[in-house]
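These notes concern the structure reproduced below.
The values are calculated or read from the model by the stated rules, or taken from the named source; none is laboratory data. Bear in mind the structure is a predicted one, so any value in this text is a computation, not a measurement. Please note: Cβ atoms are built from the backbone with ideal geometry, for glycine as well, and neighbour counts cover all protein chains shown. Surface accessibility is based on the protein's heavy atoms, side chains included, excluding ligands, DNA and RNA. Shrake-Rupley method; radii C 1.70, N 1.55, O 1.52, S 1.80 Å.
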Amino acid sequence: QVQLVESGGGLVQPGGSLRLSCAASGSIFSIYAMNWYRQAPGKERELVATITSGGNTNYADFVKGRFTISRDNAKNTVYLQMNSLKPEDTAVYYCAAIGHGGASWGQGTQVTVSS
């Protein structure tokens with residue numbers, strides 16, 4: 001079992017930046033990828049970015065060039081650096097740990113991009 005706690009969300013103006021954090025604890029040895037998802041009101045949850053245990057990353061087209069996923073193994077934490085934010089980036093952002101036992105989810109953190 002993996003426990004995840006997200007932080008770093010908030011209100012930001014268009015063009016601004018935020019950095020989300022996802023701290024993992026528990027059976028972290030079983031994790032082979034960490035994902036960030038988001039869900040906007042009335043929309044389905046969508047995958048934003050992935051980082052594997054080997055450090056490979058992948059991004060959804062709608063965030064390429066603006067968002068960066070990274071990890072600090074010493075802190076068991078994954079980050080999502082979000083730059084050039086747009087109003088359409090407004091959503092609840094979730095991190096998920098993908099392991100051999102399935103997926104574990106955090107509680108989510110709200111990101112609101114508005115002037």
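What the table below lists for this structure:
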{"quantity": "Scan of segment 82-97 for residues that are open to solvent by 10 Å² or more (accessible area, probe 1.4 Å) and either of a type in the set (Gly, Ala, Ser) or farther than 20 Å from Ala33 by Cβ (or both), ordered by number", "calculated": "Asn83, Ser84, Lys86, Pro87, Glu88, Thr90, Val92"}
{"quantity": "Qualifying residue in segment 104-111 (condition: of a type in the set (Val, Ile, Thr), in a strand (DSSP E or B) and in contact with a helix residue (DSSP H, G or I) (Cβ under 9 Å, 6 or more places away or on another chain))", "calculated": "yes"}
{"quantity": "Yes/no for Gly55 being part of a loop (DSSP other than H, G, I, E, B), of a type outside the set (D, E, K, R) and over 20 Å from Gln110 (Cβ atoms)", "calculated": "yes"}
{"quantity": "Candidate set: segment 9-28, residues that are over 15 Å from Thr90 (Cβ atoms) and open to solvent by less than 40 Å² (accessible area, probe 1.4 Å); chosen: the one modelled with the lowest pLDDT", "calculated": "Ser27"}
{"quantity": "Test: residue in segment 43-52 that is within 15 Å of the chain's Cα centre (by Cα) and acidic (Asp, Glu)", "calculated": "yes"}
{"quantity": "Selection within segment 44-78 - open to solvent by less than 30 Å² (accessible area, probe 1.4 Å) and among the aromatic types (Phe, Trp, Tyr)", "calculated": "Phe67"}
{"quantity": "Tally, over segment 29-43, of residues that are surrounded by 15 or more Cβ atoms within 10 Å (Cβ to Cβ) and either of a type outside the set (D, E, K, R) or part of a loop (DSSP other than H, G, I, E, B) (or both)", "calculated": "7"}
{"quantity": "Residues (modelled with pLDDT under 95 and either in contact with a Phe, Trp or Tyr (Cβ under 7 Å, 6 or more places away or on another chain) or not in a strand (DSSP E or B) (or both)) located in segment 72-94", "calculated": "Asn73, Ala74, Lys75, Asn76"}
